[in-house]
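Visitor: Below are the structure tokens for one structure; questions will follow.
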Amino acid sequence: MITLNKNSKIKSLPDNFFKNIKRVGDSDIIYYDGPLLSLYKMNDKYYLFYWADITENRQYNTWIVISDNDSKKLLTHIINFMENLCSLNEIMLFPSRQIYLVDIDHNLNYHNGVMINNVLSLPEVYIPSERYSFFDEKLSDSGKDYVNYLKELVKKA
């Protein structure tokens, strides 16, 4: 788990918090030697999983999870990201976002989940830079097809 800044307010989540979560679509948004950015859905709410780190003992991969109560707004921002109209930094720092941290083991079990009060509670190294966090289609298996799929989801949201 990522060490947060001292003044961070966190809310612990039960290990089964993400139990019923399902990946959206057939591919990850960004994939390089493993998923780096993936979209999931649970109970009509979308969650953008952003790979952040692996623990020293390599037992867990730590993910930053980004969500919003307004599904249409989050999906639209993801589309804009994939069309290079906004950065991952902008998605993460958008004011209405909920930010979670969770460790996932090799059996895809969730551990140490927390909700944090402010994305700026994260160490700076885990916040994508404004300048260098734009989408690179070479790191996506489906690119434009996925964008079209998300546009259909926005129409339904």
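The values are calculated or read from the model by the stated rules, or taken from the named source; none is laboratory data. Since we're looking at a predicted model, the values are computed, not measured. Because the Cβ atoms are built from the backbone with ideal geometry, glycine has one as well, and the counts that use them run over all protein chains shown.
Visitor: Can you name the residue in the range 46-61 that is more than 17 Å from Asn109 (Cβ to Cβ) and of a type outside the set (Gly, Ala, Ser) and is also surrounded by the fewest Cβ atoms within 10 Å (Cβ to Cβ) among such residues?
Guide: Kept after step one, since they are more than 17 Å from Asn109 (Cβ to Cβ), are these residues of the range 46-61: 46, 48, 50, 52-53, 56.
Next, from what is left, pick out any that are of a type outside the set (Gly, Ala, Ser): 46, 48, 50, 53, 56.
Values: Tyr46: 22, Leu48: 25, Tyr50: 21, Asp53: 17, Glu56: 7.
Result: Glu56.
Visitor: Quickly run through the range 108-121 and pick out the residues that are modelled with pLDDT under 90 and more than 14 Å from the chain's Cα centre (by Cα). First the steps, then the outcome.
Guide: The first filter runs over the range 108-121 and keeps only residues modelled with pLDDT under 90, leaving 117-121.
Residues satisfying the conditions are Asn117, Asn118, Leu120, Ser121.
Visitor: Examine the range 121-134 for a residue that is hydroxyl-bearing (Ser, Thr, Tyr), part of a loop (DSSP other than H, G, I, E, B), crowded, with 16+ Cβ neighbours inside 10 Å and out of contact with any helix residue (DSSP H, G or I) (no Cβ under 7 Å at 6 or more places or on another chain), and state whether such a residue exists. Outline the logic, then answer.
Guide: In the first step, residues of the range 121-134 are kept if they are hydroxyl-bearing (Ser, Thr, Tyr); the result is 121, 126, 129, 132-133.
So of that shortlist, the ones also part of a loop (DSSP other than H, G, I, E, B) come out as 129, 132-133.
If we keep only those that are crowded, with 16+ Cβ neighbours inside 10 Å too, we end up with 133.
Still in the list and also out of contact with any helix residue (DSSP H, G or I) (no Cβ under 7 Å at 6 or more places or on another chain): none.
The answer is no, given that none of the residues of the range 121-134 is hydroxyl-bearing (Ser, Thr, Tyr), part of a loop (DSSP other than H, G, I, E, B), crowded, with 16+ Cβ neighbours inside 10 Å and out of contact with any helix residue (DSSP H, G or I) (no Cβ under 7 Å at 6 or more places or on another chain).
Visitor: Same structure again: When Tyr31 is evaluated against the numbered criteria (1) surrounded by fewer than 17 Cβ atoms within 10 Å (Cβ to Cβ); (2) of a type in the set (Phe, Trp, Tyr); (3) modelled with pLDDT of 95 or more, which criterion, by number, is the only one it fails?
Guide: (3)
Visitor: Which of the strands (runs of 3 or more DSSP E) found entirely inside the range 1-96 contain at least 1 residues meeting this: under 17 Å from Val125 (Cα atoms)?
Guide: Details: elements: 10-12, 35-42, 45-54, 60-67.
Answer list for the range 1-96: 35-42, 45-54, 60-67.
Visitor: Okay, moving on. Within the range 10-24, does at least one residue satisfy the condition of being of a type outside the set (A, V, I, L, M, F, W, C) and under 19 Å from Phe134 (Cα atoms)? Write out each step before concluding.
Guide: If we filter the range 10-24 for residues that are of a type outside the set (A, V, I, L, M, F, W, C), which is where we start, we get 11-12, 14-16, 19-20, 22-23.
Filter again for under 19 Å from Phe134 (Cα atoms), leaving none.
No, the conditions are met nowhere in the range 10-24.
Visitor: So, of the residues in the range 1-28 that are loosely packed, with under 10 Cβ neighbours inside 10 Å and charged (D, E, K, R), which turns out to be nearest to Val114 (Cα to Cα)?
Guide: That would be Lys6.
Visitor: Another one. Checking the condition surrounded by 22 or more Cβ atoms within 10 Å (Cβ to Cβ) and β-branched (Val, Ile, Thr), which residue from Ile99, Ile91, Ile64 passes? Give the derivation first.
Guide: On the way: Ile99 fails: surrounded by 22 or more Cβ atoms within 10 Å (Cβ to Cβ); Ile91 fails: surrounded by 22 or more Cβ atoms within 10 Å (Cβ to Cβ).
Of the residues listed, the single one that is surrounded by 22 or more Cβ atoms within 10 Å (Cβ to Cβ) and β-branched (Val, Ile, Thr) is Ile64.
Visitor: While we're on this one: Pick out the one residue from Asn89, Asn112 that is on the phi > 0 side of the Ramachandran plot and not β-branched (Val, Ile, Thr). Let's see the steps before the verdict.
Guide: Numbers: Asn89 fails: on the phi > 0 side of the Ramachandran plot.
None of the others qualify; the one that does is Asn112.
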